[in-house]
Amino acid sequence: MVNLDDTQPKRAAIYDDGIPAPPRFLLWGVVGLFFIVSIGAMMGLYIFREVLPPARQEHVMYYLPFMREFLPNTAAGNVPTAEPVDQAVLDSLLNAPLEQPDASAEATSEETPEITVEAAEATIEPEITPEATEQAAIESAIALVPTEATAPTQAPIAETASPLPTPTTQVPIAPASNRRVSHLLGGITRIQQDWNNCGPANITMALSYFGWTRDQDYAGELLKPEREDKNVSPEELAAFVNTQSDIRALTRIGGNLDLLRDLINNDFPVIVEVGGFLFGNYEWIGHYRTLAGYNDDQRVFTVYDSFQRNEADNSAPIVINYDEMDGHWRAFNRVFIVLYEPGREAQLMALLGPLADETGAAEVALEVSQQEANANRRDAYAWFNLGTALTRLGRYEEAVNAYALAQNIGIPRRMLWYQFGPFEANFYAGQYDAVLSFVQTNLENGAEYVEETYYWQGRVLAARNETTAAASAFRQALRLNRYFTAAQQALDALNA
């Protein structure tokens, strides 16, 4: 007997409402496509976050701005704190003479017992309760006896990077009989920098004043052959001018606004390095700017900024208030690079005065940082600059203590992308673990492309007779910058 059902064509399943159900393979195809897209998106996100270098990430974010939300948060926070500094050492830093202290003075300082947290708290009135504020906790950590500027009622210091203290009074304008009220250098061509290229762009802008016609790519190839390199130092910029042009350049710390105006008044273009939250929502960052003019009546500098545009005219400069300029400039110990024609060297040296000599500039920076630290002992920039000045003078033990005070108050981690005084001072003071902690901070914080990070790592490893590891570190520094002479010399010394 024939089963009639077997002779009927197969029909699609019918839903209760009478609509035929889709073929099962189509359903599984949609599910499979969803999983493929999801896995692809996760892989793409992983590649964006963990594989692409910052320049490529920036390129992606140009077309897909929402991708910025997926960047790893590596720039927040401060440099790790250091061991507490006792009160006697703190006082000695604030009153350190310009010349190197003698051995007996150092011995006296070393014999002074460290002030404990309890002893520091006992000097504070009103008495700190068990619910002490974060401000008081940090003060105790650095064994700091509060002054009026550091009273416990002051707002607490945030654990993450924040704008650090700046002078609250207007920067004074010193009279100068031969300085015009305003002056503007003509002939500078503004350049919009490429990715992470403010150093090459600014040195190109400054050289354009003298008729230089090469572009920022030429400077970038010699100054930072690795595109991702986060830092080109003032010394590297000055050396570029001195070796690649007929113009000359020098760099010094310890400048001031009077000197900047005197230099511009005498037709010397100047580059300054500044730091802070400069561009709206961007993180704390270091940046170069080329100064081309000033106006005392308006209290502004005319500035060619390679990143920040003049909204009315992209080729035109911008203006920055004196106080704002100094507030950001002091984050880099008021370092400047001045360009000049060889025949005007004597005139420049006369304008520089005590800053004509590198040692004299370090001594000036030491005095200024002492004054600022005395005025506000919570001023991390002042302590950091004090450490840098002492490092330039070869006074490493004192410098280590000054840097420790800055660390314990809180300095942005990106400071170590650009300024390597803490590495140098701790290395020559024999504090190798501290140097390696700075190295680790950089490696975890976006500075894996900064060649100096690996150079100081190599120096410590070489000092510990870990020759193979040291050579590897120096080679990595040279991979990032094949023109890094110090790394090449260190590597050659290992192989000698």
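Derivation of every value follows stated rules applied to the coordinates shown; laboratory data play no part. These figures come from a predicted structure and were not determined experimentally. Cβ atoms come from the backbone with ideal geometry, glycine included; neighbour counts cover every protein chain shown.
Taking 0.36 nm per intervening residue step and subtracting the Cα-Cα distance, what contour gain separates residue 279 from residue 81 on full extension? Could the numbers behind the result be given before it?
Working: separation 198, 0.36 × 198 = 71.28 nm, distance 2.74 nm.
Working it through step by step, the gained length comes to 68.5 nm.
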Place the peptides 224-232, 459-467 in order of packing, highest mean first, counting for every residue the other Cβ atoms within 10 Å and averaging per peptide. 224-232, 459-467
In the neighbourhood of residue 266 defined by beta carbon distances under 11 Å, the net charge of the other residues (Lys, Arg +1; Asp, Glu -1) is +2
Could you go through segment 351-356 in sequence order and give the Karplus-derived ³J(HN,Hα) for each residue, using 6.51 cos²θ - 1.76 cosθ + 1.60 with θ = phi - 60°, rounded to whole Hz, and x for Gly and Pro? 5, 5, x, x, 7, 4
Once you charge only the Cβ atoms, +1 for Lys and Arg and -1 for Asp and Glu, what is the size of the charge dipole of segment 182-340 about its Cα centre, to the nearest 20 debye? 180 debye
Calc'd 3J(HN,Hα), segment 301-308, phi into Karplus 6.51 cos²θ - 1.76 cosθ + 1.60 (θ = phi - 60°), Hz, glycine/Pro = x, comes to 9, 8, 10, 9, 9, 6, 10, 7
Note down the net charge around residue 180, summing +1 for each Lys or Arg and -1 for each Asp or Glu among other residues with Cβ under 14 Å from its Cβ. -3
Quick check: from the Cα gyration tensor, does segment 437-496 come out rounded (a/c under 1.5), prolate or oblate? oblate
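How do 260, 393 rank when sorted from fewest to most other Cβ atoms within 10 Å of their own Cβ? Don't skip to the end; give the middle numbers.
Working: 260 23, 393 20.
In increasing order of surrounding Cβ atoms, one gets 393, 260.
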Spacing of the two label points (7 Å from each Cα toward its C-beta) at residue 358 and residue 33, in nm: 6.7 nm
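Around residue 482, what is the net charge, scoring Lys/Arg as +1 and Asp/Glu as -1 over all other residues with Cβ under 12 Å from its Cβ?
Values: positive: 224, 475, 479; negative: 221, 226, 229, 451.
Charge balance near residue 482 sits at -1.
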Take peptides 395-403, 31-39, 299-307, 483-491 and line them up by average Cβ neighbours within 10 Å, highest first, as a rough protection proxy. 395-403, 299-307, 483-491, 31-39
Any idea what % of Cα-Cα pairs in segment 182-340 are farther than 21 Å? 39 percent
